[in-house]
Amino acid sequence: MRESKAWRNILRKRQTHCDWGICRYTMKPFLGLACTIMLYIVYRTTNYQYLQTELDSKLYRFYTSKEPVLASSSLRGLPRGIIEAKSDLELKPLWSTSSSKLEANISTTHNLLAIPVGLKQKRNVNAIVQKFLQANFTVILFHYDGKLDGWQDLEWSKKAIHVVAQNQTKWWYAKRFLHPAAVSIYDYIFLWDEDLGVQHFNPKRYLDIIKTEGLEISQPALDPNSTGIHHRITVRKRTNKFHRRVYDSRGSAKCSDASEGPPCVGFVEGMAPVFSRAAWHCAWHLIQNDLVHGWGMDIKLGYCAQGDRSKKVGIVDSEYVVHQGIQSLGGPSTKKTRNNLDLTKTHTVDSRAEIRRQSTMELKTFKQRWEKAVKEDANWVDPFLRRRRIRKRKLIANLEK
(Lines give C-alpha, C1' and ligand atoms only; values in the text may rest on other atoms or scores of the structure.)
Protein backbone atom coordinates (compact mmCIF):
# COMPACT_ATOMS: atom_id res chain seq x y z
CA MET A 1 0.00 0.00 0.00
CA ARG A 2 2.79 2.39 0.96
CA GLU A 3 4.54 1.63 -2.33
CA SER A 4 1.43 2.45 -4.38
CA LYS A 5 0.93 5.70 -2.44
CA ALA A 6 4.52 6.65 -3.14
CA TRP A 7 3.99 6.23 -6.89
CA ARG A 8 0.82 8.31 -6.72
CA ASN A 9 2.69 11.10 -4.96
CA ILE A 10 5.41 11.07 -7.64
CA LEU A 11 2.84 11.27 -10.43
CA ARG A 12 1.02 14.12 -8.68
CA LYS A 13 4.29 16.03 -8.32
CA ARG A 14 5.10 15.53 -11.99
CA GLN A 15 1.58 16.62 -12.95
CA THR A 16 1.99 19.71 -10.76
CA HIS A 17 5.31 20.54 -12.32
CA CYS A 18 3.82 20.12 -15.81
CA ASP A 19 0.91 22.37 -14.90
CA TRP A 20 3.37 25.10 -13.93
CA GLY A 21 5.34 24.71 -17.20
CA ILE A 22 8.30 22.91 -15.55
CA CYS A 23 7.75 19.70 -17.51
CA ARG A 24 9.83 20.93 -20.43
CA TYR A 25 11.49 17.67 -21.24
CA THR A 26 8.12 16.05 -22.02
CA MET A 27 6.96 19.05 -24.12
CA LYS A 28 10.06 19.40 -26.31
CA PRO A 29 9.43 16.34 -28.53
CA PHE A 30 5.85 17.49 -29.10
CA LEU A 31 6.90 21.05 -29.99
CA GLY A 32 9.60 19.76 -32.33
CA LEU A 33 7.08 17.57 -34.13
CA ALA A 34 4.61 20.46 -34.39
CA CYS A 35 7.28 22.79 -35.81
CA THR A 36 8.34 20.18 -38.32
CA ILE A 37 4.76 19.74 -39.50
CA MET A 38 4.27 23.50 -39.76
CA LEU A 39 7.48 23.98 -41.75
CA TYR A 40 6.46 21.16 -44.09
CA ILE A 41 3.05 22.78 -44.67
CA VAL A 42 4.65 26.17 -45.37
CA TYR A 43 7.13 24.58 -47.78
CA ARG A 44 4.44 22.68 -49.67
CA THR A 45 2.24 25.79 -49.90
CA THR A 46 5.10 28.00 -51.14
CA ASN A 47 6.23 25.38 -53.63
CA TYR A 48 2.68 24.99 -54.96
CA GLN A 49 2.31 28.76 -55.36
CA TYR A 50 5.62 28.90 -57.22
CA LEU A 51 4.64 26.09 -59.59
CA GLN A 52 1.23 27.72 -60.10
CA THR A 53 2.91 31.03 -61.02
CA GLU A 54 5.27 29.30 -63.44
CA LEU A 55 2.39 27.48 -65.11
CA ASP A 56 0.33 30.67 -65.35
CA SER A 57 3.25 32.54 -66.88
CA LYS A 58 3.45 29.90 -69.63
CA LEU A 59 -0.27 29.76 -70.25
CA TYR A 60 -0.83 33.52 -70.14
CA ARG A 61 2.53 34.87 -71.24
CA PHE A 62 0.91 37.44 -73.54
CA TYR A 63 -0.76 39.32 -70.70
CA THR A 64 0.65 42.14 -68.57
CA SER A 65 1.83 41.65 -64.99
CA LYS A 66 -1.63 42.31 -63.48
CA GLU A 67 -3.61 40.29 -65.99
CA PRO A 68 -2.35 36.73 -65.29
CA VAL A 69 -4.08 36.76 -61.90
CA LEU A 70 -7.35 37.83 -63.50
CA ALA A 71 -6.93 35.38 -66.37
CA SER A 72 -6.09 32.54 -64.02
CA SER A 73 -9.09 33.15 -61.77
CA SER A 74 -11.53 33.59 -64.66
CA LEU A 75 -10.40 30.35 -66.33
CA ARG A 76 -10.61 28.09 -63.30
CA GLY A 77 -13.75 26.50 -64.71
CA LEU A 78 -11.75 25.01 -67.60
CA PRO A 79 -9.34 22.07 -67.53
CA ARG A 80 -5.85 23.35 -68.35
CA GLY A 81 -5.40 21.11 -71.36
CA ILE A 82 -8.26 22.78 -73.24
CA ILE A 83 -7.03 26.37 -72.78
CA GLU A 84 -5.79 27.99 -76.03
CA ALA A 85 -4.09 31.28 -75.13
CA LYS A 86 -3.01 32.33 -78.62
CA SER A 87 -4.24 32.54 -82.20
CA ASP A 88 -3.08 33.52 -85.70
CA LEU A 89 -4.25 35.23 -88.87
CA GLU A 90 -4.17 32.18 -91.13
CA LEU A 91 -7.27 31.65 -93.26
CA LYS A 92 -8.94 28.26 -92.71
CA PRO A 93 -11.12 26.34 -95.18
CA LEU A 94 -14.69 25.49 -94.22
CA TRP A 95 -13.83 21.81 -94.70
CA SER A 96 -10.56 19.93 -95.10
CA THR A 97 -9.40 18.60 -98.44
CA SER A 98 -6.24 16.77 -99.45
CA SER A 99 -4.84 19.93 -101.08
CA SER A 100 -5.51 22.10 -98.00
CA LYS A 101 -3.73 19.55 -95.78
CA LEU A 102 -0.78 19.56 -98.16
CA GLU A 103 -0.60 23.37 -98.15
CA ALA A 104 -0.67 23.39 -94.33
CA ASN A 105 2.37 21.11 -94.23
CA ILE A 106 4.45 22.99 -96.84
CA SER A 107 5.18 26.19 -94.88
CA THR A 108 7.14 25.66 -91.66
CA THR A 109 7.95 29.35 -91.10
CA HIS A 110 5.45 32.18 -90.85
CA ASN A 111 5.93 35.91 -91.38
CA LEU A 112 3.39 38.71 -91.54
CA LEU A 113 3.01 41.83 -93.68
CA ALA A 114 0.56 44.42 -92.36
CA ILE A 115 -0.19 47.61 -94.34
CA PRO A 116 -2.79 50.39 -94.05
CA VAL A 117 -4.09 50.95 -97.57
CA GLY A 118 -6.26 53.30 -99.59
CA LEU A 119 -7.58 52.66 -103.08
CA LYS A 120 -5.52 55.54 -104.50
CA GLN A 121 -2.36 53.53 -103.76
CA LYS A 122 -3.70 50.29 -105.20
CA ARG A 123 -1.02 49.95 -107.87
CA ASN A 124 1.86 50.38 -105.44
CA VAL A 125 0.30 48.12 -102.81
CA ASN A 126 -0.22 45.46 -105.47
CA ALA A 127 3.52 45.49 -106.23
CA ILE A 128 4.39 45.19 -102.53
CA VAL A 129 1.95 42.39 -101.77
CA GLN A 130 2.96 40.28 -104.77
CA LYS A 131 6.59 40.29 -103.65
CA PHE A 132 5.68 39.23 -100.14
CA LEU A 133 3.25 36.53 -101.20
CA GLN A 134 6.03 34.98 -103.29
CA ALA A 135 7.97 34.68 -100.03
CA ASN A 136 5.01 32.89 -98.34
CA PHE A 137 4.01 35.83 -96.15
CA THR A 138 0.59 36.20 -94.59
CA VAL A 139 -0.88 39.59 -95.61
CA ILE A 140 -3.33 41.75 -93.73
CA LEU A 141 -4.61 45.02 -95.25
CA PHE A 142 -6.12 47.81 -93.15
CA HIS A 143 -8.52 49.79 -95.37
CA TYR A 144 -8.57 53.29 -93.92
CA ASP A 145 -10.76 54.68 -96.76
CA GLY A 146 -13.46 52.01 -96.43
CA LYS A 147 -13.24 51.06 -100.13
CA LEU A 148 -12.83 47.30 -99.90
CA ASP A 149 -14.70 46.39 -103.09
CA GLY A 150 -12.09 48.08 -105.26
CA TRP A 151 -9.55 45.38 -104.39
CA GLN A 152 -11.61 42.34 -105.31
CA ASP A 153 -10.34 42.20 -108.90
CA LEU A 154 -6.77 41.44 -107.77
CA GLU A 155 -5.94 37.74 -107.93
CA TRP A 156 -4.42 37.65 -104.45
CA SER A 157 -7.22 39.58 -102.73
CA LYS A 158 -8.95 36.47 -101.44
CA LYS A 159 -5.69 35.27 -99.89
CA ALA A 160 -5.31 38.42 -97.78
CA ILE A 161 -7.11 39.43 -94.60
CA HIS A 162 -9.03 42.68 -94.98
CA VAL A 163 -9.97 44.96 -92.07
CA VAL A 164 -12.05 48.08 -92.72
CA ALA A 165 -12.30 51.12 -90.44
CA GLN A 166 -12.77 54.61 -91.81
CA ASN A 167 -9.94 57.16 -91.34
CA GLN A 168 -7.84 55.16 -88.87
CA THR A 169 -4.05 55.09 -88.67
CA LYS A 170 -1.55 52.25 -88.86
CA TRP A 171 -0.95 52.30 -85.10
CA TRP A 172 -4.68 52.32 -84.35
CA TYR A 173 -5.07 49.16 -86.42
CA ALA A 174 -1.95 47.53 -85.01
CA LYS A 175 -3.03 48.04 -81.41
CA ARG A 176 -6.43 46.47 -82.03
CA PHE A 177 -5.75 43.71 -84.54
CA LEU A 178 -2.13 42.65 -84.03
CA HIS A 179 -2.21 41.62 -80.38
CA PRO A 180 0.84 39.46 -79.56
CA ALA A 181 -1.42 36.50 -78.81
CA ALA A 182 -2.95 36.79 -82.30
CA VAL A 183 0.39 36.99 -84.14
CA SER A 184 2.46 34.67 -81.98
CA ILE A 185 3.21 32.18 -84.77
CA TYR A 186 4.91 34.79 -86.95
CA ASP A 187 8.69 35.03 -86.75
CA TYR A 188 8.74 38.58 -88.12
CA ILE A 189 6.10 41.29 -88.49
CA PHE A 190 6.50 43.91 -91.24
CA LEU A 191 4.38 46.93 -90.29
CA TRP A 192 4.77 49.07 -93.40
CA ASP A 193 3.30 52.18 -94.97
CA GLU A 194 1.67 51.89 -98.40
CA ASP A 195 3.92 54.38 -100.24
CA LEU A 196 7.13 52.33 -100.42
CA GLY A 197 8.69 51.37 -103.74
CA VAL A 198 10.00 47.79 -103.63
CA GLN A 199 11.83 47.49 -106.95
CA HIS A 200 15.11 46.87 -105.08
CA PHE A 201 13.68 44.83 -102.22
CA ASN A 202 13.59 41.05 -101.79
CA PRO A 203 11.80 39.77 -98.64
CA LYS A 204 13.68 36.45 -98.50
CA ARG A 205 17.11 38.06 -98.74
CA TYR A 206 16.07 40.65 -96.17
CA LEU A 207 15.03 37.93 -93.71
CA ASP A 208 18.32 36.09 -94.21
CA ILE A 209 20.27 39.23 -93.29
CA ILE A 210 18.37 40.17 -90.14
CA LYS A 211 18.44 36.56 -88.90
CA THR A 212 22.18 36.26 -89.49
CA GLU A 213 22.95 39.60 -87.86
CA GLY A 214 20.55 39.12 -84.95
CA LEU A 215 18.48 42.23 -85.63
CA GLU A 216 15.34 42.17 -83.49
CA ILE A 217 14.11 45.51 -84.87
CA SER A 218 15.07 46.70 -88.33
CA GLN A 219 13.98 48.47 -91.47
CA PRO A 220 15.08 48.55 -95.11
CA ALA A 221 17.28 51.52 -95.94
CA LEU A 222 15.76 54.40 -97.89
CA ASP A 223 16.99 55.27 -101.34
CA PRO A 224 18.81 58.65 -101.14
CA ASN A 225 16.35 60.03 -103.72
CA SER A 226 13.37 59.23 -101.49
CA THR A 227 10.88 61.88 -100.46
CA GLY A 228 10.53 62.75 -96.80
CA ILE A 229 13.83 61.55 -95.30
CA HIS A 230 13.85 62.72 -91.70
CA HIS A 231 16.87 60.94 -90.19
CA ARG A 232 20.25 60.31 -91.80
CA ILE A 233 20.56 56.89 -90.22
CA THR A 234 17.78 55.55 -92.47
CA VAL A 235 19.54 56.54 -95.74
CA ARG A 236 21.10 53.72 -97.73
CA LYS A 237 24.87 53.22 -97.67
CA ARG A 238 25.74 51.84 -101.08
CA THR A 239 28.74 49.76 -100.02
CA ASN A 240 27.16 48.21 -96.92
CA LYS A 241 24.99 45.16 -96.40
CA PHE A 242 23.55 46.80 -93.28
CA HIS A 243 24.47 49.39 -90.66
CA ARG A 244 23.64 50.09 -87.03
CA ARG A 245 24.77 53.71 -86.58
CA VAL A 246 25.40 56.90 -88.53
CA TYR A 247 28.08 59.56 -88.36
CA ASP A 248 26.80 63.05 -89.06
CA SER A 249 27.98 66.43 -87.79
CA ARG A 250 25.12 68.33 -89.42
CA GLY A 251 21.88 69.33 -87.77
CA SER A 252 20.98 69.45 -84.09
CA ALA A 253 21.86 65.79 -83.46
CA LYS A 254 25.63 65.37 -83.77
CA CYS A 255 26.33 61.70 -84.38
CA SER A 256 29.79 60.32 -83.61
CA ASP A 257 31.48 57.34 -81.96
CA ALA A 258 30.41 58.78 -78.62
CA SER A 259 26.70 58.63 -79.59
CA GLU A 260 24.85 55.89 -77.73
CA GLY A 261 21.20 56.36 -78.62
CA PRO A 262 18.64 57.49 -81.20
CA PRO A 263 18.67 58.91 -83.78
CA CYS A 264 22.38 58.12 -84.17
CA VAL A 265 22.29 54.45 -83.19
CA GLY A 266 19.63 51.88 -82.31
CA PHE A 267 16.93 53.62 -84.32
CA VAL A 268 14.36 52.85 -87.03
CA GLU A 269 11.62 55.11 -88.34
CA GLY A 270 7.89 54.41 -88.21
CA MET A 271 7.32 54.08 -91.97
CA ALA A 272 8.75 50.58 -92.46
CA PRO A 273 9.66 48.86 -89.17
CA VAL A 274 10.23 45.11 -88.95
CA PHE A 275 9.89 43.34 -85.60
CA SER A 276 10.85 39.91 -84.37
CA ARG A 277 8.18 38.07 -82.41
CA ALA A 278 9.71 39.02 -79.05
CA ALA A 279 10.32 42.63 -80.07
CA TRP A 280 6.72 43.01 -81.25
CA HIS A 281 5.42 41.59 -77.98
CA CYS A 282 7.18 44.50 -76.28
CA ALA A 283 6.40 47.14 -78.93
CA TRP A 284 2.67 46.35 -78.88
CA HIS A 285 2.59 47.20 -75.20
CA LEU A 286 4.46 50.45 -75.92
CA ILE A 287 1.73 51.61 -78.35
CA GLN A 288 -0.66 53.90 -76.49
CA ASN A 289 -4.27 53.03 -77.20
CA ASP A 290 -5.44 56.62 -77.63
CA LEU A 291 -2.33 58.10 -79.30
CA VAL A 292 -3.10 56.92 -82.81
CA HIS A 293 -0.37 58.71 -84.77
CA GLY A 294 2.48 57.00 -82.93
CA TRP A 295 4.75 60.04 -82.73
CA GLY A 296 7.61 59.58 -80.27
CA MET A 297 7.46 55.79 -80.31
CA ASP A 298 10.37 55.39 -82.72
CA ILE A 299 12.77 56.95 -80.21
CA LYS A 300 11.74 54.39 -77.57
CA LEU A 301 11.58 51.26 -79.74
CA GLY A 302 15.17 50.41 -78.80
CA TYR A 303 13.91 49.46 -75.35
CA CYS A 304 12.11 46.56 -77.05
CA ALA A 305 15.23 45.27 -78.84
CA GLN A 306 15.67 42.37 -76.37
CA GLY A 307 19.13 43.56 -75.44
CA ASP A 308 21.63 46.21 -76.48
CA ARG A 309 19.90 48.43 -79.04
CA SER A 310 23.25 49.36 -80.58
CA LYS A 311 23.54 45.70 -81.67
CA LYS A 312 19.94 44.50 -81.97
CA VAL A 313 18.57 47.38 -84.09
CA GLY A 314 19.75 48.05 -87.63
CA ILE A 315 19.13 49.32 -91.16
CA VAL A 316 19.49 46.90 -94.09
CA ASP A 317 21.24 48.59 -97.03
CA SER A 318 21.40 45.80 -99.61
CA GLU A 319 17.58 45.46 -99.61
CA TYR A 320 16.24 49.00 -99.78
CA VAL A 321 13.02 50.83 -100.61
CA VAL A 322 11.99 54.17 -102.08
CA HIS A 323 9.85 56.30 -99.79
CA GLN A 324 7.43 58.19 -102.01
CA GLY A 325 6.11 60.44 -99.25
CA ILE A 326 2.48 60.32 -100.41
CA GLN A 327 0.13 61.58 -97.71
CA SER A 328 -3.07 59.69 -98.39
CA LEU A 329 -4.77 59.40 -95.01
CA GLY A 330 -6.74 62.59 -94.48
CA GLY A 331 -6.01 63.79 -98.02
CA PRO A 332 -3.33 66.12 -99.42
CA SER A 333 -4.22 69.40 -97.70
CA THR A 334 -7.87 69.01 -98.58
CA LYS A 335 -10.13 71.82 -97.46
CA LYS A 336 -13.49 71.03 -96.00
CA THR A 337 -16.24 73.63 -95.61
CA ARG A 338 -18.34 73.93 -92.50
CA ASN A 339 -21.43 76.14 -92.47
CA ASN A 340 -21.76 78.35 -89.43
CA LEU A 341 -24.98 79.71 -87.98
CA ASP A 342 -24.49 82.62 -90.34
CA LEU A 343 -24.81 80.88 -93.74
CA THR A 344 -22.91 83.67 -95.44
CA LYS A 345 -19.73 82.74 -93.55
CA THR A 346 -17.70 79.60 -94.04
CA HIS A 347 -14.69 78.15 -92.25
CA THR A 348 -12.07 76.15 -94.15
CA VAL A 349 -10.06 73.37 -92.51
CA ASP A 350 -6.70 72.15 -93.79
CA SER A 351 -6.85 68.46 -92.88
CA ARG A 352 -3.07 67.93 -93.18
CA ALA A 353 -2.41 70.83 -90.84
CA GLU A 354 -4.96 69.46 -88.37
CA ILE A 355 -3.37 66.00 -88.49
CA ARG A 356 0.07 67.48 -87.88
CA ARG A 357 -1.25 69.52 -84.97
CA GLN A 358 -2.85 66.42 -83.44
CA SER A 359 0.36 64.43 -83.96
CA THR A 360 2.40 67.12 -82.20
CA MET A 361 0.01 67.10 -79.25
CA GLU A 362 0.26 63.31 -79.06
CA LEU A 363 4.06 63.49 -79.10
CA LYS A 364 3.97 65.79 -76.08
CA THR A 365 1.54 63.48 -74.29
CA PHE A 366 3.65 60.40 -75.03
CA LYS A 367 6.78 62.07 -73.62
CA GLN A 368 4.89 63.06 -70.47
CA ARG A 369 3.57 59.52 -69.99
CA TRP A 370 7.04 58.03 -70.41
CA GLU A 371 8.53 60.42 -67.86
CA LYS A 372 5.67 59.75 -65.43
CA ALA A 373 6.03 55.98 -65.83
CA VAL A 374 9.79 56.12 -65.21
CA LYS A 375 9.28 58.26 -62.12
CA GLU A 376 6.56 56.04 -60.63
CA ASP A 377 8.19 52.65 -61.29
CA ALA A 378 10.74 52.34 -58.51
CA ASN A 379 11.87 48.91 -59.73
CA TRP A 380 12.62 49.97 -63.31
CA VAL A 381 16.21 50.78 -64.19
CA ASP A 382 17.09 52.32 -67.56
CA PRO A 383 19.25 49.57 -69.13
CA PHE A 384 21.07 51.97 -71.44
CA LEU A 385 21.81 54.50 -68.72
CA ARG A 386 23.22 51.68 -66.61
CA ARG A 387 25.46 50.48 -69.46
CA ARG A 388 26.63 54.04 -70.02
CA ARG A 389 27.67 54.36 -66.38
CA ILE A 390 29.50 51.03 -66.47
CA ARG A 391 31.41 52.06 -69.59
CA LYS A 392 32.25 55.41 -68.00
CA ARG A 393 33.62 53.72 -64.88
CA LYS A 394 35.72 51.36 -66.99
CA LEU A 395 37.07 54.29 -68.99
CA ILE A 396 38.01 56.17 -65.84
CA ALA A 397 39.66 53.04 -64.42
CA ASN A 398 41.71 52.57 -67.61
CA LEU A 399 42.82 56.22 -67.54
CA GLU A 400 43.92 55.93 -63.93
CA LYS A 401 46.10 52.95 -64.80
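The values are calculated or read from the model by the stated rules, or taken from the named source; none is laboratory data. If you're wondering where the values come from, they're calculated on a predicted model, not measured in any experiment. Here the Cβ positions follow ideal geometry from the backbone for every residue, glycine too, while neighbour counts run over all protein chains shown.
Brief remarks on what is shown
- If you filter region 152-187 down to residues that are of a type in the set (D, E, K, R) and touching a residue at least 12 places away in the same chain (Cβ under 8 Å), you find that the one that is nearest to His285 (Cα to Cα) is Lys175.
- Sole exception among (1) closer than 27 Å to Thr169 by Cα; (2) touching a strand residue (DSSP E or B) at 6+ places or on another chain (Cβ under 6 Å) for Ser259, by number: (1)
- Set side by side, the residues Pro262, Pro224, Pro220 differ, and just one is touching a helix residue (DSSP H, G or I) at 6+ places or on another chain (Cβ under 9 Å) and either in a loop (DSSP other than H, G, I, E, B) or at pLDDT below 95 (or both), which is Pro262.
- Taking region 287-401 as the region of interest, the strands (runs of 3 or more DSSP E) fully inside it that hold 1 or more residues being closer than 28 Å to Pro224 by Cα and at pLDDT 95 or above are 313-323.
- The number of residues in region 138-186 that are among the aromatic types (Phe, Trp, Tyr), buried (at least 21 other Cβ atoms within 10 Å of the Cβ) and either in contact with a helix residue (DSSP H, G or I) (Cβ under 7 Å, 6 or more places away or on another chain) or in the same structural domain as Ile355 (by TED's automatic domain parsing) (or both) comes to 2.
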